[in-house]
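Reading through the structure tokens given below for one structure.
The values are calculated or read from the model by the stated rules, or taken from the named source; none is laboratory data. The structure presented is a predicted model; accordingly, all values stated were derived computationally and were not measured. Here Cβ is always computed from backbone atoms with ideal geometry, including for glycine, and neighbour counts include all displayed protein chains.
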Amino acid sequence: MKKDAAKDPPRPQDPPTRDAPKFNADQVAQLLDKCEPQRQVATAQSINDTATLGAAVGAPGAQLSQSEIDALRARISSCWSPPPGIDANSRLYVVLRVLFKADGSMVQAPSVVEGTASPLGPALAESAKRALLLCQPFTMLRPEHYDQWKDLELKFDPHELLGG
């Protein structure tokens, strides 16, 4: 039994074949940016990877004094306004990397290093950045200890800063 040709659905036509473009390494090389990548370090030869105030980067034993740390903490607390929904009982935090100039002002806006995953996290980070921008220059940091405080990671913890 033969199928009736009229009842067969029409076959789609094959698309016209095109020759694939030839690979030309010279054209690819012309498209690539031939500039050497450059990395610039704002103030330091190495990055301070610890998330504490006054961690030693230079000589062993060289770190910020407790009075400098306390003065810095008090200054930041006085400039910081927690966002709505965050109080002393909040279990959130954000760590910001701050690069300083020798005069105690910031080289650039602070950047977020880590923080608690929370819907309130971005608001906490923005309020912490705003506090640091408002507080500068941080004149309680002694110029003779600049190597220890030129690159800091500062932890904003509402529980600690608001006395929870």
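Overview of results
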{"quantity": "Residue identified as basic (K, R) and touching a Ser or Thr at 6+ places or on another chain (Cβ under 6 Å) among R97, R130", "calculated": "R97"}
{"quantity": "Any hit, the range 133-146, residues being of a type in the set (K, R) and within 16 Å of A71 (Cβ to Cβ)", "calculated": "yes"}
{"quantity": "Residue check, S67 closer than 15 Å to R142 by Cα and not charged (D, E, K, R)", "calculated": "yes"}
{"quantity": "First in the range 117-142 and more than 10 Å from C79 (Cα to Cα), second anywhere and among the charged types (D, E, K, R) and outside any helix (DSSP H, G or I), Cβ under 7 Å, 6 or more apart", "calculated": "P137/D103"}
{"quantity": "Options V98, V57, V113, V107; residue that is of a type in the set (V, I, T), touching a strand residue (DSSP E or B) at 6+ places or on another chain (Cβ under 8 Å), surrounded by 16 or more Cβ atoms within 10 Å (Cβ to Cβ) and at pLDDT 90 or above", "calculated": "V98"}
{"quantity": "The range 80-94, subset among the hydrophobic types (A, V, I, L, M, F, W, C) and either under 21 Å from the mean Cα position of the chain (by Cα) or modelled with pLDDT under 85 (or both), residue nearest to Q136 (Cα to Cα)", "calculated": "W80"}
